[in-house]
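Input: a single structure, listed below in structure tokens.
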Amino acid sequence: MDHPSEETLKGFATGTASREENRDVVAHLVKGYSACARKLRALMEPDSVARGAYDTALDRFDRGVIENLESSITPRQTLRTVVPMGGFPVDPEEEEGRRKKR
């Protein structure tokens, strides 16, 4: 039996093969040709990516998110988050000192 060429397998892997070529590859693989299945699997594996390849893009994304968040929050909203509705938080020792002065 003729095995599909590497070019045909590449076409199958990338979705660029014709309908007839796709049928032929599937029929061939169903018959159990493991060498062709391994070759196809190798063609479908993504290329390895260097460890820091996305660092610059992710850093730029992070900066953009932070800048957008900072520009979308007003100073009043920030204060509401930091200062509770009853006013500034009180240190218990400081409060005790105020009471003694009264």
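List of remarks:
- Label-to-label distance, nm, for residues given as Arg23 and Leu69 (7 Å Cα→Cβ offset): 5.6
- Taking each residue as 0.36 nm, the span from Arg41 to Phe61 lengthens on full extension beyond its C-alpha to C-alpha distance by 3.9 nm.
Each reported figure results from applying straightforward, stated rules to the coordinates on display, with no laboratory input. A quick note: this is a predicted structure, and the numbers were derived from the prediction, not measured. Quick reminder, even Gly has a Cβ in these numbers, built from the backbone with ideal geometry, and neighbours come from all protein chains shown.
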